[in-house]
């Protein structure tokens, strides 16, 4: 590939998301003007806030579970399998992992390892239910995973209630038994401290997110399984004729997606040391948004997660400074998401046409 | 008589392929006009243009003498054209009446549906065209033939005078076909013009007043049913002026590569699409399967590949039973596959060529080592395929969709041949590609045959079958009805076997070996 076409490819890849962000800035400014707020002051507040080290640390803390959630969704998306159920998978996984983690005491590595394994196992099994329904009964995975979300939420509520009734959970500290220190992943606060004094901690789960991201990249791009996954997504009929077993692919992808999804709640568990009833929600759904922004690419998802974390942080600061309604961050999220998805499709079509023209032109030269 | 539809010079191009190439068609008002052609001949594209679903690139379209330029089906409906799709678009939970008026509901005050008016109008339409059906029946309780009648009534209700029927008999059993034809004749008697697509030749001869044959996007002939036989039509459809692959010295050995024993495959309705077929292919032999589209050939090769479930029978590759093996295990055992539709089953269109070159072989060297995909090895092999099989492309990073049809096909052939399969299963390997690419594909198959490869070949191109095959078997209604020597038969005679005409002569045939 020549330098020129490489540059062009990079430009085409970035055109949609960058354009979408700019569009959302303009659109939100208009909304702010109509609402009687000063968009420049609002944007200034947002950036000023984001420039602070503490905000940056909390952005990474927010982005970490979002990233893991994004990768979980991306594993399915790569083969056009839509696991909308990360939400339920991570909540269920979190409560079981916290329960097991609080019930045992093991040396550090094993304790942490056990908690992570339980989370991945539960997440995987829950997604596996949707996988079974799909492969055995042909039930669309979008429907089943959405409904399993509801079931998971109910199950979690029932479990909390059950444990409370049995007295397994002290009423005063509503939640699972606290996990001993040996089971808590140490924070990484020493890294931001190199840059200055801060009052908040950097989550140690960041390491897990990075491992997940690298594993995802290797799996998709370097293994035969990854090839099978991509081929199934690109053309399921050709994949089948090429010897890729469709049902087994669906099942494996679901299990993997759910297992990674099970890790989404780990940042919160490690931060709080237990599962409590007001456990953080919507990470599953936001993960889907982040994956769409990042187009299933391991680095793209990371950028998407950081952007989402930035907008969430901005929403908080706008509430404090009162320069603009905090909902403006949600409006920006929506505009970015919609216009990026549309933008990607437009770019894809342009690319298809250009490539056909380029190939035809090259062949005409040769002939 | 006045012309209901007149098409002049209609051309439609898609990237890398011309779907309709200077099509001319004249349909007289009040006639039943059949459009015949193999799959991929351009029939569907033409109907979509006529019904406003996609615009033509070139050409003039006239309806009842006036030039039209439809941009959507609603404009076609306004001009009095109605289409009955092959796959019905009905809501099972609604009644016949509700389905008919759906989207064209007569209303009274407060936007309520005026059932009285609708029922009356429906009765009028039914009477005018001799179509009877109970308007209160739920559609889900109806038989297939009745549902089709609902679809026809639906377009008549909207005032259509010109009906397009897209392969209306494909879903019907013989008695229902008779009923449909009776209805069509009545519609015609009441002044409707019918344009219908079909490739079952006997049916076409039975019902049509005029027949237009399409081949490779062109109109090749317009004939009257009284002037032609099914064999003539078959010849028109598949053509015979194409270059003939020259036969060469036999390389057939005694060693059986593939044996199919008593194979039966059932379709969705539980009827046999392949009916107790037995067949042997030896090393170095090409066995050609002739048959009019839809007589079980595709199901048979899909059963061999493992993509179609088998009801009964055994498939043996080099003395080992592969009946229960997965598609992957069969491919690893040495079966190469050229699927009938390269876009549907052969390629990952949006993926680069080098990824396409690995498809089906990704578990073996040079494409992988253990669980690891080997990009370098894959790219190297792709470059080799590109060179040896003359795939014309600027580089191997372009997506498969950027290549012309012929080059896509050469890539597939190269992919399958480069792995030196024991058995090649090839369906229509040269369909829709240019003459040069066609010759290259033939040469590749012949070369591999000399090296001992066994080939099971399906083709609608009879010259190709005769030229390449060492043995030809004919499939008709799911059964092997004849085993022929390609040196002793021509396309015309083969065509009549395919339509079942020579069946009486050869009822004993059933095992080719």
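Details
- Inter-label distance, residue A:103 to residue A:11: 6.0 nm, where each label sits 7 Å from its Cα along the C-beta direction.
- Per-residue Cβ neighbour counts within 10 Å put B:72, B:375 in the sequence B:72, B:375, beginning with the fewest.
- Across chain A, the relative contact order, built from alpha-carbon pairs under 8 Å that are at least six residues apart, equals 34 percent.
- Cα shape, segment B:170-313, gyration tensor, a/c 1.5 rule: oblate
- Among the residues of B:389-401, the average count of other protein chain beta-carbon atoms within 10 Å of the residue beta-carbon is 3.
- Extension gain for the segment residue B:487 to residue B:66, taken as residue separation times 0.36 nm less the Cα-Cα distance, is 146.3 nm to one decimal.
- Our estimate of slack between residue B:112 and residue B:220, defined as 0.36 nm per intervening residue step minus the Cα-Cα distance, is 33.7 nm.
- Between 0 and 90°, nearest 10: helix B:375-388 axis offset from chain B longest Cα axis: 80 degrees
- Length gained on full extension, residue A:51 to residue A:162: 35.4 nm, using 0.36 nm per residue less the C-alpha separation.
- Inter-label distance, nm, simple model (7 Å from Cα along the C-beta direction), residue A:4/residue B:86: 4.5 nm
- Taking label points 7 Å from Cα along the Cα-to-Cβ direction, residue A:181 and residue B:210 give a separation of 9.4 nm.
- Residue A:200/residue A:34 FRET efficiency (R0 35 Å; Cβ-Cβ; nearest 0.05): 0.50
- Ranked for footprinting exposure by Cβ neighbours inside 10 Å, fewest first, B:237, B:53, B:300 give B:53, B:237, B:300.
- Across segment B:345-420, counting alpha-carbon atoms alone, Rg and Dmax equal 11.2, 34 Å.
- Taken residue by residue and averaged, Cβ atoms of other chains lying within 10 Å of the Cβ of B:344-352 number 5.
- Cα gyration tensor, segment A:153-243 - rounded (a/c under 1.5), prolate or oblate: oblate
- Ordered by the count of other Cβ atoms within 10 Å of each Cβ, fewest first, A:11, A:310 give A:11, A:310.
- Calculated [θ] (222 nm, deg cm²/dmol) that DSSP helices of n ≥ 4 give over the protein assembly as shown, each run adding -39,500 (n - 2.57): -16000 deg cm²/dmol
- Against chain B, whose longest principal axis comes from its Cα atoms, helix B:144-157 is set at around 50 degrees.
- Shielding by partners - mean other protein chain Cβ count within 10 Å, residues of B:402-409: 3
- Shape of chain B, Cα gyration tensor, a/c cut at 1.5: prolate
- Helix axis angle, B:115-129 relative to chain B longest principal axis, alpha carbon, degrees: 70 degrees
- The relative contact order of chain B, computed from alpha carbon pairs under 8 Å that lie at least 6 residues apart in sequence, is 15 percent.
- More than 26 angstrom apart: percent of Cα pairs within segment A:63-298: 39 percent
- Note on chain B: antiparallel DSSP beta bridges, both residues inside, total approximately 55 percent of the bridges counted.
- Summary value for segment B:345-420: 36 percent relative contact order, contacts being C-alpha pairs under 8 angstrom separated by 6+ residues.
- Its residue count N fixes a reference of 2.2 N^0.38 Å for the protein assembly as shown, and the Cα radius of gyration divided by that reference is 1.11.
No lab work stands behind these numbers, since they all come straight from the coordinates. This is a predicted model, so every value here is computed, not measured. As a convention, Cβ positions derive from the backbone with ideal geometry for all residues, glycine included, and neighbour counts pool all protein chains shown.
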